[in-house]
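In what follows, a structure is listed as structure tokens, so that the remarks can point back to it.
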Amino acid sequence: TEDAEDDTGRGRAYRNSVLPFSPQARRAITCPMKAALWILAGLGLAACVYWGASHYVVRAGEGLIVLDKRFLTFREVYVDIRDWTADDFDAHPQIETVLEAGGFGDIVRAARRTAAQASRDEAFDAARQFGRELGRAMDDFLRTLDRSLNRLPAVAAEGKPAEPVAPVPAPPVAAAVPEPAE
């Protein structure tokens, strides 16, 4: 007898029902909603983690570039290559490969060109410095030679042997020109 009355005079079916605005009704409604929200939040977090492990976010001079990784990894999720040199790309070949494959090889080539230009400029600066020092040394040598040659006729006319001319100390020789970086 399911509808048997209890001590309150109401039946069991009434006693087990939930009134629409009672605290039990709020708990009954929010528990599945909370569970669904937690499940959605967990799935969203898992999707973000998976996306981060499978993509590079590269900040270049043109802005942000998103590229696919070859393998899932949490290394180098975000990379700022605005100030990278050829050495940096050599240290991170996977970034260079992904940029080339994604159509951004011009960034890598520009960094390599800049490094080559810098080493070439360094070599030219060293050569210019060496040329200046060599020019000064030649000027000193020619002045000394000119003074010596100008004294010879006067000394020969007097019939005395020529006095030795004190040698002008040579300027320090510049260090060897550095080898260009390969």
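Within the stretch 56-72, one or more residues are more than 17 Å from Phe104 (Cα to Cα) and surrounded by fewer than 12 Cβ atoms within 10 Å (Cβ to Cβ). Could you say whether any residue in the stretch 153-160 is at pLDDT 75 or above and open to solvent by 90 Å² or more (accessible area, probe 1.4 Å)? No, there is no match, as no residue in the stretch 153-160 is at pLDDT 75 or above and open to solvent by 90 Å² or more (accessible area, probe 1.4 Å). Go through the residues of the stretch 10-24 one by one and say whether even a single one is at pLDDT 80 or above, over 30 Å from Ser119 (Cβ atoms) and in a loop (DSSP other than H, G, I, E, B). No - not one qualifying residue is present in the stretch 10-24.
The residues of the stretch 137-152 that are of a type outside the set (Lys, Arg), modelled with pLDDT under 80 and open to solvent by 90 Å² or more (accessible area, probe 1.4 Å), listed by number, are Leu149, Asn150. Of all the listed residues (Thr85, Thr97), the sole one being within 15 Å of Tyr56 (Cβ to Cβ) and either β-branched (Val, Ile, Thr) or open to solvent by 80 Å² or more (accessible area, probe 1.4 Å) (or both) is Thr97.
Every residue, every condition in (1) open to solvent by less than 70 Å² (accessible area, probe 1.4 Å); (2) closer than 26 Å to Ser54 by Cβ; (3) at pLDDT below 85; (4) out of contact with any Ser or Thr (no Cβ under 7 Å at 6 or more places or on another chain), yes or no:
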{"site": "Tyr78", "(1), (2), (3), (4)": "no, yes, no, yes"}
{"site": "Phe89", "(1), (2), (3), (4)": "yes, yes, no, yes"}
{"site": "Ala101", "(1), (2), (3), (4)": "no, yes, no, yes"}
{"site": "Arg112", "(1), (2), (3), (4)": "no, no, yes, yes"}
{"site": "Gln117", "(1), (2), (3), (4)": "no, no, yes, yes"}
{"site": "Asp121", "(1), (2), (3), (4)": "yes, no, yes, yes"}
{"site": "Arg128", "(1), (2), (3), (4)": "no, no, no, yes"}
{"site": "Gly135", "(1), (2), (3), (4)": "yes, no, no, yes"}
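The values are calculated or read from the model by the stated rules, or taken from the named source; none is laboratory data. Just so it is clear, the structure is predicted and the values come from calculations on it, not from any experiment. Positions of Cβ are generated from backbone atoms using ideal geometry, with glycine treated the same way; all protein chains shown enter the neighbour counts. Please note that ligands, DNA and RNA were not included when accessible areas were found on the heavy atoms of the full protein model with its side chains. Shrake-Rupley method; radii C 1.70, N 1.55, O 1.52, S 1.80 Å.
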